[in-house]
Amino acid sequence: MLRRQFLKNSVLFSAAGLVGPALASPTVQSLKPLAAPVMRRRFALSQTYKLAPPQGSSGVVNLWIPLPVETAFQQLTGLSFSGNYQQAYITTNNAYGARTLFASWPKSDGELLLQLDLEIETADWEPLKHNALKNWRAPEAIVYPLDVKPYLLPTTHTPVDGVVRETAQKITGDEQDPLKKARLIYDWVSSHMERDNNVIGCGTGDVATLLQSGKLSGKCTDMSSVFVALARASGIPARELFGIRLGKANKLERYSASAFGKADSAGVADVSGGQHCRAEFYLAGYGWLPCDPADVTKMRLAEKKSHQDPDVQAVNTYLFGNWEMNWVGFNYGRDFELYPATEQGAMNNFGYPYAEVDGDPLNFYDPKVFAYQYVSTEQR
């Protein structure tokens, strides 16, 4: 194995590191309380790791696992882990406060085992469905809280100048209302971009490259990052939330049996490859709002329908300002350093587990090569 060459020149890791400023912690306090009554769902997410370093590898093995962030729409109610590691601990010591389970083994030979069990409670986040903005008005002079301002700034993969700003200006025109601008950007992304199932993982979210290429296709990180960059270029704070599907979609299943998550009759789902990235944007005087243009494109492709199809339009309408929470979000991190520091440098994002063997990364996009399995069971 060529040392440090796997993904070395890929945009998945950035030697430039974080372009935007460090963030003290996830901005949970900015979220509005969910409207009552709220139907909550409970999931047990079991993660089994049996790391399999490539033949000939030797040296220290380090593993970083993303853990759920606490928000108004999801809570981590239980966490336990065990294994034959030398050390393992939970840390948020990184620029985005991304909660991380770090484990290490002194040698790569022999079994490398870790079992992580999470108990997660979610509630559908539906502010627009519940007309939460009926009394909202755009302030004449917008003042953003300090913990929100960083989400206006560029990172390596989400620039806000050049082709990004030019595209944003074409989309929003003379519109000044931030909610209407966000909807114009969302509709542009969901209608102009196409899902490409041949893209590895969730895509890289390299916004300038996507816009400059003219090939507006990819997967969820690509769509969400394009929305985020265009929103920031339009003066609207925005961010990606990287996470994973947990099971069946109760509300959106009527439009597609496969696009939004699934489980068997007992509520059990193998979600090892279920990583999914969503987006949020911030309205001054209200707070954060959800959207998911990527799942519009996924449903459109899965059902082989045009964007104008009534079912696609129904999904498009729902996923601006609402999320069905058969999914859990991990963190908002882009182009940042994990802790302890990886030898490969800054991470593009942290939606997948990440491991290094003597400084060489394992292929986290392939659960069979990485040797991990995620099984989610809905508690009924």
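The values are calculated or read from the model by the stated rules, or taken from the named source; none is laboratory data. Computed from a prediction, not measured in an experiment: that's the story for all the values here. Cβ placement follows ideal geometry from the backbone for every residue including glycine, while neighbour counts extend to all protein chains displayed. The accessibility values were calculated without ligands, DNA or RNA, using every heavy atom of the protein model including side chains. Shrake-Rupley method; radii C 1.70, N 1.55, O 1.52, S 1.80 Å.
Exactly one residue out of Thr377, Thr342 is touching a residue at least 60 places away in the same chain (Cβ under 8 Å), closer than 26 Å to Lys248 by Cα and β-branched (Val, Ile, Thr), and it is Thr377. Among all positions in the stretch 16-38, there is at least one residue which is at pLDDT 65 or above, open to solvent by 40 Å² or more (accessible area, probe 1.4 Å), farther than 23 Å from Gly274 by Cα and touching a strand residue (DSSP E or B) at 6+ places or on another chain (Cβ under 8 Å). Which of the residues belonging to the stretch 231-251 are crowded, with 20+ Cβ neighbours inside 10 Å and within 30 Å of Lys134 (Cβ to Cβ)? Matches in the stretch 231-251: Ala231, Arg232, Ala233, Ser234, Ile236, Pro237, Ala238, Arg239, Glu240, Leu241, Gly243, Ala249.
Looking across the stretch 205-220, the residues that are small (Gly, Ala, Ser) and not in a helix (DSSP H, G or I) come down to Gly205, Gly214, Ser217, Gly218.
Quickly run through the stretch 90-126 and pick out the residues that are β-branched (Val, Ile, Thr), closer than 22 Å to Pro361 by Cα and open to solvent by less than 10 Å² (accessible area, probe 1.4 Å). The answer is Thr100, and nothing else.
Phe43 falls short of the stated requirement of being under 22 Å from the mean Cα position of the chain (by Cα), modelled with pLDDT of 95 or more and within 21 Å of Asp358 (Cα to Cα). If you take the residues in the stretch 47-75 that are closer than 11 Å to Glu356 by Cα and outside any loop (DSSP other than H, G, I, E, B), which one is farthest from the chain's Cα centre (by Cα)? Out of the qualifying residues, it is Val61.
Applying the set (1) in contact (Cβ under 8 Å) with a residue 40 or more places away in the chain; (2) open to solvent by 20 Å² or more (accessible area, probe 1.4 Å) to Phe281 leaves exactly one unmet item: (2). For Pro150, the conditions (1) closer than 22 Å to Gly333 by Cα; (2) in contact with a strand residue (DSSP E or B) (Cβ under 7 Å, 6 or more places away or on another chain); (3) outside any loop (DSSP other than H, G, I, E, B) are fulfilled apart from (2).
Any residue at all in the stretch 221-228 that's part of a loop (DSSP other than H, G, I, E, B), in contact with a strand residue (DSSP E or B) (Cβ under 9 Å, 6 or more places away or on another chain) and within 26 Å of Tyr365 (Cβ to Cβ)? No: zero hits. Whenever a residue of the stretch 186-203 is closer than 14 Å to Lys298 by Cβ, its partners that are aromatic (Phe, Trp, Tyr) and part of a helix (DSSP H, G or I), lying with C-beta atoms within less than 6 angstrom and at least six residues away or across chains, give the pairs Val189/Phe227. Against the list (1) in contact (Cβ under 8 Å) with a residue 24 or more places away in the chain; (2) within 22 Å of Glu194 (Cα to Cα), the condition Asn326 fails is (2).
Of all the numbered requirements in (1) open to solvent by 20 Å² or more (accessible area, probe 1.4 Å); (2) assigned to a loop (DSSP other than H, G, I, E, B); (3) in contact with a strand residue (DSSP E or B) (Cβ under 9 Å, 6 or more places away or on another chain), Thr155 misses one, and that requirement is (1). Would a scan of the stretch 181-192 turn up a residue that is within 17 Å of Pro293 (Cβ to Cβ), open to solvent by 60 Å² or more (accessible area, probe 1.4 Å), touching a strand residue (DSSP E or B) at 6+ places or on another chain (Cβ under 7 Å) and of a type in the set (Lys, Arg)? Checked the stretch 181-192: at least one residue is within 17 Å of Pro293 (Cβ to Cβ), open to solvent by 60 Å² or more (accessible area, probe 1.4 Å), touching a strand residue (DSSP E or B) at 6+ places or on another chain (Cβ under 7 Å) and of a type in the set (Lys, Arg). Among the residues of the stretch 293-337, those that are acidic (Asp, Glu) and either open to solvent by 10 Å² or more (accessible area, probe 1.4 Å) or outside any loop (DSSP other than H, G, I, E, B) (or both) comprise Asp295, Glu303, Asp309, Asp311, Asp335, Glu337.
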